[in-house]
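Step one of this worksheet: look at the structure below.
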Amino acid sequence: MSKTFDRHRRLRSHAKLRDMVRETQLNVTDLMYPVFATHDAGRDPITSMPGVDHLGLDELRREVLEVAELGIPSIMIFGIPTVKDEISSEAYAEEGIVQQAIRAVKSEVPDLLVATDVCLCQYNPAGHCGLVHGDEIVNDASLELIAATALSHVVAGADIVAPSDMMDGRIAAIRQKLDDAGHVHTPILSYAVKYASAFYGPFREAADSAPAFGDRRTYQMDPANIREALREARSDIAEGADMLMVKPALAYMDVIRALKEEFDAPLAAYNVSGEYAMVKAAAQNGWIDERAVVMEMMTGLKRAGADILITYFAKDIARYLG
Ligand code: PBG
């Protein structure tokens, strides 16, 4: 009898055959694990992100040993400062929380790659990512502070700086500042395509960085736009970004794909706090199989085009990949 239809099931008939023809592989080397550093010693759970804690420097040291043992190559440090002022002083202070955290991590695990989130929103009372004049988030005057923050992280030992503020021109300002100080080899991972998203809710509670007035829509992107994402990424590459990021991840997989096709820089996807919280909540209720859902999401992000996965699930994934 002649063939009248295709037998797609042939290649699915055996587990080893499925392994052989699998198009996307998840590796522990894809992972970057975000951590929240605080001045207070000890460990304090973040309610809306079960399994994620605020870490004092003592606990941060313990945490990064575990991360390194699991084979996770990199972390992203966020800081919870004690001081908030109009000029976000602690963001670029030598004894700021991020600067101290970098030194603590580097002295504990010297070859763990340390990336830092470069932003002002945790460090000023307005909770905005740039300088605030009246009710305006001013662009150009913010660049010097953002660049100074990035440089202070590199001086403290950071391997990668990741600006998340979405001010125009920050990549150029940071590159110039780093180069002038001789740090020509420090890469910039740009939060190039960062949407004004409701998925950051749990993070803002964790980082105490919710805006005191207004919202972030004059600098973060409109979730409806994808051509604008290409313009943002193009500017950042032109200004000197070494790697690009799309954030959040799951509702923006078309954007990940579009950037992958358009640019040849390594691409990161940030699976953000709200995406994490949703999975955790459903799993705690017994409504989904957490492990299977997490692996399916991460495989999906890689299939969409992400090279680097920034996720609060990183330690779990490393164990699953075991
Ligand atoms: C700081 C910053 C935010 C996140 C990363 N860096 C919050 C925001 O922009 O409001 C969100 C991370 C997450 O939700 O996991 N600008």
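The values are calculated or read from the model by the stated rules, or taken from the named source; none is laboratory data. The model shown is predicted, which means the values in this text are computed figures rather than measured ones. Methodologically, a virtual Cβ is constructed for each residue, glycine included, from the backbone with ideal geometry; neighbour enumeration extends over all protein chains shown. Surface areas here come from the heavy atoms of the whole protein model, side chains and all, with no ligands, DNA or RNA. Shrake-Rupley method; radii C 1.70, N 1.55, O 1.52, S 1.80 Å.
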Worksheet item: Tell me, which helices (runs of 4 or more DSSP H) wholly within the range 250-306 include 2 or more residues that are within 16 Å of the ligand (Cβ to nearest atom), at pLDDT below 95 and open to solvent by 40 Å² or more (accessible area, probe 1.4 Å)?
Response: none
Worksheet, complete the sentence: Quick count over the range 13-47, residues being among the small types (Gly, Ala, Ser) and under 18 Å from the mean Cα position of the chain (by Cα), is 1
Worksheet item: Restricting the search to the range 207-233, which residues are outside any loop (DSSP other than H, G, I, E, B) and more than 8 Å from the ligand (Cβ to nearest atom)?
Response: Met221, Arg227, Glu228, Ala229, Leu230, Arg231, Glu232, Ala233
Discussion item. If I filter the range 156-163 for residues that are open to solvent by 40 Å² or more (accessible area, probe 1.4 Å) and hydrophobic (A, V, I, L, M, F, W, C), do I get at least one hit?
Written reply: no
Worksheet item: Mind checking which residues of the range 148-183 are out of contact with any strand residue (DSSP E or B) (no Cβ under 9 Å at 6 or more places or on another chain) and within 16 Å of the ligand (Cβ to nearest atom)?
Response: Asp168
Item to complete: Go through Phe36, Phe78 for me and flag whichever is of a type in the set (Phe, Trp, Tyr), within 23 Å of Met243 (Cα to Cα) and in contact with a Leu (Cβ under 8 Å, 6 or more places away or on another chain).
Response: Phe36
Worksheet item: Just checking, how many residues over the range 234-249 are open to solvent by less than 60 Å² (accessible area, probe 1.4 Å) and either within 16 Å of the ligand (Cβ to nearest atom) or outside any helix (DSSP H, G or I) (or both)?
Response: 10
Worksheet item: Looking at the range 1-32, which of its residues are of a type in the set (Gly, Ala, Ser) and either surrounded by 11 or more Cβ atoms within 10 Å (Cβ to Cβ) or modelled with pLDDT under 95 (or both)?
Response: Ser2
Discussion item. Quick check on the range 184-199: of everything there that is surrounded by 22 or more Cβ atoms within 10 Å (Cβ to Cβ) and over 13 Å from Met243 (Cα atoms), which residue is farthest from the ligand (Cβ to nearest atom)?
Written reply: Tyr195
Item to complete: Give the residue, chosen from Arg216, Arg291, that is free of Cβ contacts under 8 Å to residues at least 60 places away in the same chain, among the charged types (D, E, K, R) and either under 23 Å from Ile171 (Cα atoms) or in contact with a helix residue (DSSP H, G or I) (Cβ under 8 Å, 6 or more places away or on another chain) (or both).
Response: Arg291
Worksheet item: Within the range 23-60, which residues are in a loop (DSSP other than H, G, I, E, B), touching a strand residue (DSSP E or B) at 6+ places or on another chain (Cβ under 9 Å) and within 25 Å of Asp111 (Cβ to Cβ)?
Response: Leu26, Val52, Gly56
Response to the item:
Pairing a residue in the range 232-247 that is on the phi < 0 side of the Ramachandran plot with any residue that is surrounded by 21 or more Cβ atoms within 10 Å (Cβ to Cβ) and acidic (Asp, Glu), where Cβ atoms lie under 7 Å and the two sit 6 or more apart in sequence or on different chains, gives Leu244/Asp236
